[in-house]
1. Assigning unit charges at the beta carbon (Lys, Arg +1; Asp, Glu -1) and nothing else, what dipole magnitude in debye, to the nearest 20, does the chain show about its Cα centre?
2. Where Rh is the Kirkwood radius over the Cα pairs of the chain, the temperature 10 °C and the viscosity 1.306 mPa s, what D in µm²/s does Stokes-Einstein return?
3. Find out how many positive minus negative residues lie around residue 3, taking Lys and Arg as positive, Asp and Glu as negative, among other residues whose Cβ is under 14 Å from that of residue 3.
4. Which far-off residues, 5 or more places away or on another chain, put their amide H under 5 Å from the one on residue 24, with H placed in the peptide plane?
5. If you take every residue apart from residue 16 with its C-beta less than 11 Å away from the C-beta of residue 16, what net charge results, scoring Lys and Arg +1 and Asp and Glu -1?
6. From the helices alone, meaning DSSP H stretches of at least four residues, give me the mean residue ellipticity at 222 nm for the chain, per-run term -39500 (n - 2.57), in deg cm²/dmol to the nearest 500.
7. Using the Karplus curve 6.51 cos²θ - 1.76 cosθ + 1.60 with θ = phi - 60°, work out ³J(HN,Hα) for each residue of the stretch 42-59 in order, rounded to whole Hz, and write x for Gly and Pro.
8. As I understand it, the value is the acute angle between the Cα axis of helix 10-19 and the longest principal axis of the Cα atoms of the chain; what does it come to in degrees, rounded to 10?
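Every number here is computed from the coordinates shown, using simple stated rules; none is lab data. A quick note: this is a predicted structure, and the numbers were derived from the prediction, not measured. Neighbour counts run over all protein chains shown; Cβ positions are idealised from the backbone, glycine included.
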Amino acid sequence: MSELYQPASGSEGADFMATFCDRCTKDAAFRAGTGDSCPIAANTMVLTPADAEYPREWIYGADGEPTCTAFNADGAEG
């Protein structure tokens with residue numbers, strides 16, 4: 001399993017979310033004000049990687065950069 005990723009600061013988290021969450025179909029309803037936030041993003045804000053429930057989707061990829069394995073770009077199928 002890859003190492004879990006958790007942003008080290010608010011600004012790092014905002015950058016990560018701008019790259020992934022702000023463009024993902026899983027958070028589209030929340031952005032539109034018509035539904036709940038993506039549970040992956042929400043849980044990373046209240047849990048730590050040491051918690052069993054911490055999302056396994058936020059990891060360091062093979063290139064060493066943080067990624068969300070559940071990312072599905074707006075307009076993409078899936």
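1. Dipole of the chain, to the nearest 20 debye: 160 debye.
2. Result for D is 123 µm²/s.
3. In short, -2.
4. 74
5. Spelling it out: positives minus negatives among the neighbours equals -4.
6. Taken over the chain, the calculation gives -7500 deg cm²/dmol.
7. 4, 5, 5, 8, 10, 10, 10, x, 6, 6, 4, 8, 4, x, 7, 7, 8, 9
8. Around 50 degrees separate the two axes.
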